[in-house]
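Please read the structure below before turning to the comments.
The values are calculated or read from the model by the stated rules, or taken from the named source; none is laboratory data. Given the structure is predicted, the values throughout are model-derived calculations rather than measurements. Positions of Cβ are generated from backbone atoms using ideal geometry, with glycine treated the same way; all protein chains shown enter the neighbour counts. With ligands, DNA and RNA removed, areas are computed over all heavy atoms of the protein, side chains included. Shrake-Rupley method; radii C 1.70, N 1.55, O 1.52, S 1.80 Å.
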Amino acid sequence: MTNPNNKKTKYIFITGGVVSSLGKGIVAASLGRILKERGLSVTIQKFDPYINVDPGTMSPFQHGEVYVTDDGAETDLDLGHYERFIDESLSQANNVTAGSIYQEVIARERKGEYLGSTVQVIPHITDEIKRRLRIAGNDYDVVITEIGGTVGDIESLPFLEATRQFRQDEGPDNAIFIHLTLVPYISAVGELKTKPTQHSVRELMQTGIQPDILICRSDRSLDDDIKKKIALFTNVSPQSVIEATDVSTIYEVPLALQKQKIDDVVLELFGISAPPANLGEWNTIVDRITEPSSGIVRIAVVGKYTELVDAYKSVQQALIHGGIANHAKVDIEWISSEKYASKDLGNLNDFNGLLIPGGFGERGIEGMLMAIEWARENKLPFFGICLGLQCTIIEFARNVCGLSDADSLEFSESTSDPVICLMDSQLNVTTKGGTMRLGQYPAQLYPKSQASKIYGTTKINERHRHRYEVNNKYRDLLESNGLMMSGTSPDKNLVEMIELHEHPWFVGCQFHPELKSRPTKPHPLFSSFIKSAINHRDHLESPEEIKTMVTSGE
């Protein structure tokens with residue numbers, strides 16, 4: 001619990017140096033979890049210095065997945081890590097880009113709100129950044145803010161300046177800086193080198209910021225002499241030099257940081273006290289990942305952006321969570337759907353389950369359709385998400401319903417059977433993203449469906465990010481041939497879930513369940529999918545057992 005005499009919100013700013021991709025997001029999320037386990041209310045915010053207003057129109061190959069919040073914000077993938085670690089739903093206020101800051105300031109200038117002043121980076125841009133910080137801090141004990149990029153990037157300077165000012169405004173007892181840097185090992189001389197960290201801190205200090213804590217990424221442990229040397233040259237105490245070595249799973253990071261008492265250092269800097277952190281549940285999660293009692297289960301993810309795993313980061317983590325629920329290690333193979341365009345599907349025999357994730361555009365669609373057909377005919381557990389559901393509808397319409405020209409209007413505007421289409425309300429919207437269904441929406445599940453048994457309820461709320469929908473004109477035909485529309489919007493106008501009866505596990509959803517999965521609360525669809533994959537691995541799919549599994553919803 002917080003100190004009753006000091007209720008002011010505390011702010012932690014996390015910066016990075018030397019190189020990008022050191023893991024600021026994981027560090028922010030891990031520290032958030034530790035502080036939450038000490039009884040503090042915590043939220044985490046991401047400052048991204050790019051000029052895009054949000055990542056919604058950015059290529060997955062450049063930026064990874066777009067993480068969607070309950071309120072429909074298209075955000076950085078790090079927000080997924082934040083939500084998974086602190087088990088809190090975030091919002092638009094938790095992702096701030098340079099583009100959104102400049103857009104807001106320019107809009108105010110056009111309205112005349114600056115009374116004729118010359119609009120400048122200081123104070124107008126920095127004041128807007130500070131305003132966003134305070135919005136995020138409403139009703140929380142601690143706000144952790146990750147500043148994207150690395151120190152020295154020209155586009156990051158307004159954010160660094162704003163946070164420097166913010167610390168002056170709030171006082172040093174209410175705002176601290178953690179700097180994440182690299183301590184490389186040079187094998188030619190057999191030494192860890194601290195010079196990159198020294199230079200990175202000096203670069204940060206040139207912006208007027210003295211870090212309070214250093215987190216040093218390295219592939220090996222730092223001895224006391226190295227920590228003392230780093231502390232001496234960077235003006236931090238030796239106990240504030242925290243090592244961050246490679247671990248077998250990202251879920252070990254909170255344990256590693258807490259072992260070095262980073263939370264004690266943070267609370268001492270803030271001048272507050274709180275009960276010790278209880279990470280017992282987190283230890284259990286790590287044990288289930290590193291020492292799975294149910295062995296390994298192999299899942300093929302056939303998608304459009306598999307060359308960059310970050311494009312499917314939440315899918316990857318949700319599959320791991322499904323393994324946690326079943327005490328199994330999930331071995332994921334990322335396969336480009338273009339590989340299957342040649343109909344060479346034999347290697348699907350090597351897997352215990354197939355997942356088709358979301359995506360946009362027609363590239364690779366034929367390979368997805370062939371993989372789905374193979375899974376349907378060979379009783380391989382199948383999970384279709386968003387685009388995966390839409391491809392399932394197309395495949396079923398073509399190969400079971402006899403509509404050889406069935407397609408999505410996204411892929412073919414001339415198709416005679418547009419089983420996937422835009423709704424009438426979307427047809428005249430031209431703004432990019434304007435036709436998207438974004439954020440959390442309710443759905444109603446058919447009471448006797450496998451989906452309702454998996455969820456344990458008939459009313460669900462899930463997050464969406466898509467433009468096209470199942471064409472209602474074809475629903476009766478699809479259902480009469482055995483494809484059940486097991487979930488719809490409450491008004492029954494939009495298809496949310498589908499399933500195939502004569503199959504051990506064949507489920508599609510129009511939403512993105514991976515966005516709501518947590519290591520402590522694996523999403524029921526992923527838990528059920530992995531359970532079915534384990535059954536497939538253990539050769540439990542005899543005709544009698546298939547019937548039992550379908551009936552019981554396993």
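Identify the residue in segment 290-327 that is basic (Lys, Arg) and outside any helix (DSSP H, G or I) and, among all such residues, is nearest to Leu389 (Cα to Cα). The extreme case among them is Lys304. A single entry from Ile250, Ile242, Ile226, Ile262 fulfils the requirement of being surrounded by 13 or more Cβ atoms within 10 Å (Cβ to Cβ), farther than 30 Å from Ala318 by Cβ and out of contact with any Asp or Glu (no Cβ under 8 Å at 6 or more places or on another chain): Ile226. For the criterion of being over 21 Å from Tyr50 (Cβ atoms), surrounded by 14 or more Cβ atoms within 10 Å (Cβ to Cβ) and either out of contact with any Cys (no Cβ under 9 Å at 6 or more places or on another chain) or basic (Lys, Arg) (or both), Ala136 fails. All conditions in (1) touching a strand residue (DSSP E or B) at 6+ places or on another chain (Cβ under 7 Å); (2) farther than 25 Å from Ala29 by Cα; (3) modelled with pLDDT of 95 or more hold for Ile230, with the sole exception of (2). Applying the set (1) open to solvent by less than 10 Å² (accessible area, probe 1.4 Å); (2) modelled with pLDDT under 95 to Pro381 leaves exactly one unmet item: (2). Of the listed requirements (1) of a type in the set (Gly, Ala, Ser); (2) assigned to a helix (DSSP H, G or I); (3) in contact with a Lys or Arg (Cβ under 9 Å, 6 or more places away or on another chain), Ser200 misses just one: (3). Checking each residue in segment 188-223 for being farther than 19 Å from Phe13 by Cα, polar (S, T, N, Q) and either loosely packed, with under 13 Cβ neighbours inside 10 Å or touching a residue at least 60 places away in the same chain (Cβ under 8 Å) (or both) picks out only Ser221. Of the residues that sit in segment 42-65 and are modelled with pLDDT under 95 and over 22 Å from Ile106 (Cα atoms), which one is surrounded by the most Cβ atoms within 10 Å (Cβ to Cβ)? The extreme case among them is Glu65. Right, Asp169: open to solvent by 30 Å² or more (accessible area, probe 1.4 Å), touching a residue at least 24 places away in the same chain (Cβ under 8 Å), among the acidic types (Asp, Glu) and assigned to a loop (DSSP other than H, G, I, E, B) or not? When the stated conditions are applied, Asp169 does not pass them. Taking segment 464-485 as the range and being closer than 13 Å to Met497 by Cα and in a strand (DSSP E or B) as the test, the residues that pass are His464, Glu469, Val470, Leu483, Met484, Met485.
Answer yes or no as to whether Glu109 is open to solvent by 40 Å² or more (accessible area, probe 1.4 Å), more than 19 Å from Ala136 (Cα to Cα) and in contact with a Pro (Cβ under 9 Å, 6 or more places away or on another chain). In short, no.
Among the residues that make up segment 148-155, is at least one of them without any contact (Cβ under 8 Å) to a residue 60 or more places away in the chain and touching a Phe, Trp or Tyr at 6+ places or on another chain (Cβ under 7 Å)? No, segment 148-155 contains no residue that is without any contact (Cβ under 8 Å) to a residue 60 or more places away in the chain and touching a Phe, Trp or Tyr at 6+ places or on another chain (Cβ under 7 Å).
Give just the number: which of (1) in a strand (DSSP E or B); (2) without any contact (Cβ under 8 Å) to a residue 60 or more places away in the chain; (3) open to solvent by 50 Å² or more (accessible area, probe 1.4 Å) does Asp287 not satisfy? Just one mismatch for Asp287, condition (1). The test for being part of a helix (DSSP H, G or I), among the β-branched types (Val, Ile, Thr) and either without any contact (Cβ under 8 Å) to a residue 40 or more places away in the chain or buried (at least 23 other Cβ atoms within 10 Å of the Cβ) (or both) does not hold for Ile332. Residue count for segment 208-223 satisfying the condition of being farther than 17 Å from Ala28 by Cα and either aliphatic (A, V, I, L, M) or at pLDDT 95 or above (or both): 4.
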